[in-house]
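Following: one structure in structure tokens, then a few remarks.
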Amino acid sequence: MGSYHPECPDRLDAINDRLISSGIEGHLVRHTAPPAEREQLERAHSADYIDALEAASPEEGLHYIDPDTALNPHSLDAARHGAGAVVLATDLVLRGDCSRAFCAVRPPGHHAERGRAMGFCIFNNVAVGALHAIEAYGLERVAIVDFDVHHGNGTEHIFTGDDRVLMVGTFQHPLYPYSGFDTKERNMVNVPLSAGSGSDAFRAAVTNKWLPALEAHAPELIIISAGFDAHREDPLASLRFTEADYAWVTRTLVEVANRHAKGRIVSSLEGGYNLSALGRSATEHVRELLAS
Ligand SMILES: [Zn+2]
């Protein structure tokens with residue numbers, strides 16, 4: 001996205017370094033993400049949009065889609081592999097090869113709408129995964145959980161009014177993209193949090209708002225938009241979560257998955273821009289995903 005940009009390749013190095021130094025790496029099975037197929041992307045995005053991205057992809061330099069979101073000659077390929085990671089992870093858990101998977105992918109996805117890239121996001125990775133689970137495996141109920149500090153407007157745009165998918169989320173408000181705080185759709189459970197909110201507000205939102213909705217929906221698969229930019233050290237926002245909060249919410253979601261979804265969780269990286277905090281938080285998240 002340009003050398004100044006917080007959504008940078010170092011983010012994945014920070015996660016990988018911390019997985020290794022924590023000793024968790026040895027407990028993981030690694031897979032290389034294939035590119036998502038056109039048919040898989042078209043479940044979440046319009047054909048016109050994908051055509052326009054292909055036409056805009058530059059042979060050199062950067063093409064700016066919006067002031068925050070650029071394509072270099074490799075971006076579209078990376079975005080295809082990002083969405084493909086979530087498709088592969090969904091295949092692995094629904095075939096029973098494993099019960100949980102974490103996709104360390106860039107670019108993130110949750111701001112991408114059906115026909116619009118924005119906020120560093122090109123393809124909506126979790127939406128592509130959820131629709132793969134529904135259309136290729138016949139799942140009737142999927143839950144998408146989004147604890148990124150920014151509202152997952154793209155995911156909401158794609159699934160609003162679609163009762164097969166329950167979306168629960170917390171996000172700082174007001175903050176980019178300034179949406180979601182007044183959503184009334186019954187399959188959208190949005191909990192805006194004011195700047196400065198920390199563990200207590202987050203855990204109350206999860207306990208009082210998310211969990212009753214998740215229990216009622218009884219999802220057959222949980223997909224997580226795992227953004228770690230609500231961490232107190234993150235430079236892009238002003239919530240005050242800690243890695244202990246990410247461990248707690250992951251453990252809580254594993255319990256929901258064990259009750260309703262045969263333990264199945266697919267998690268995909270969204271934001272998180274302080275490299276040390278991102279590495280620590282993602283590692284605690286993965287540690288809890290590994291627990292039974
Ligand atoms: Zn974010």
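The values are calculated or read from the model by the stated rules, or taken from the named source; none is laboratory data. Because the structure is a prediction, the values reported are computed rather than measured. Note that we place each Cβ from the backbone using ideal geometry, even for glycine, and neighbour counts take in every protein chain shown. Side chains are part of the model used for accessible areas, which takes the heavy atoms of the whole protein and leaves out ligands, DNA and RNA. Shrake-Rupley method; radii C 1.70, N 1.55, O 1.52, S 1.80 Å.
Within the stretch 256-268, the set of residues being open to solvent by less than 10 Å² (accessible area, probe 1.4 Å) and either closer than 12 Å to residue 215 by Cα or more than 16 Å from the ligand (Cβ to nearest atom) (or both) comprises 256, 257, 261, 263, 265, 266. Number of residues in the stretch 23-37 that are touching a helix residue (DSSP H, G or I) at 6+ places or on another chain (Cβ under 9 Å), open to solvent by 100 Å² or more (accessible area, probe 1.4 Å) and not β-branched (Val, Ile, Thr): the value is 3. In the stretch 92-119, the qualifying residues are those that are under 14 Å from residue 268 (Cβ atoms), open to solvent by 10 Å² or more (accessible area, probe 1.4 Å) and more than 11 Å from the chain's Cα centre (by Cα), and the one that is farthest from the ligand (Cβ to nearest atom) is 92.
One residue stands out in the stretch 170-191 among those that are within 20 Å of residue 214 (Cα to Cα) and within 14 Å of the ligand (Cβ to nearest atom): the one that is surrounded by the fewest Cβ atoms within 10 Å (Cβ to Cβ), namely 180.
Only one of the listed residues (115, 109) is under 23 Å from residue 213 (Cβ atoms), in contact (Cβ under 8 Å) with a residue 24 or more places away in the chain and in contact with a Ser or Thr (Cβ under 8 Å, 6 or more places away or on another chain). That residue is 109. All conditions in (1) more than 16 Å from the ligand (Cβ to nearest atom); (2) in contact (Cβ under 8 Å) with a residue 24 or more places away in the chain hold for residue 138, with the sole exception of (2). Taking the numbered list (1) more than 14 Å from the ligand (Cβ to nearest atom); (2) open to solvent by 10 Å² or more (accessible area, probe 1.4 Å) in turn, residue 167 passes all entries but (2). Within the stretch 240-248, none of the residues are over 18 Å from residue 97 (Cα atoms), away from the ligand (no atom under 13 Å from the Cβ), open to solvent by 10 Å² or more (accessible area, probe 1.4 Å) and without any contact (Cβ under 8 Å) to a residue 24 or more places away in the chain. Every condition in (1) under 14 Å from the mean Cα position of the chain (by Cα); (2) away from the ligand (no atom under 16 Å from the Cβ); (3) of a type in the set (Asp, Glu) holds for residue 146 except the one numbered (2). The set of residues in the stretch 192-227 being in a loop (DSSP other than H, G, I, E, B), open to solvent by 10 Å² or more (accessible area, probe 1.4 Å) and under 27 Å from residue 86 (Cα atoms) consists of 218, 220. Taking the stretch 262-292 as the range and being closer than 12 Å to residue 15 by Cβ and among the β-branched types (Val, Ile, Thr) as the test, the residues that pass are 283, 286. Suppose we filter the stretch 201-216 for residues that are over 19 Å from residue 141 (Cβ atoms) and aliphatic (A, V, I, L, M); how many remain? Here the count works out to 4. Screening residue 271 against (1) buried (at least 19 other Cβ atoms within 10 Å of the Cβ); (2) part of a helix (DSSP H, G or I); (3) of a type outside the set (Ser, Thr, Tyr) leaves a single unmet condition, (2). Determine whether residue 253 is of a type outside the set (D, E, K, R), in a helix (DSSP H, G or I) and either within 16 Å of the ligand (Cβ to nearest atom) or crowded, with 23+ Cβ neighbours inside 10 Å (or both). Yes: the conditions hold for residue 253. Looking across the stretch 66-79, the residues that are open to solvent by less than 60 Å² (accessible area, probe 1.4 Å) and within 20 Å of residue 119 (Cβ to Cβ) come down to 66, 69, 70, 71, 72, 75, 76, 78, 79.
A single member of 230, 277 is farther than 17 Å from residue 101 by Cβ and crowded, with 24+ Cβ neighbours inside 10 Å, and it is 230.
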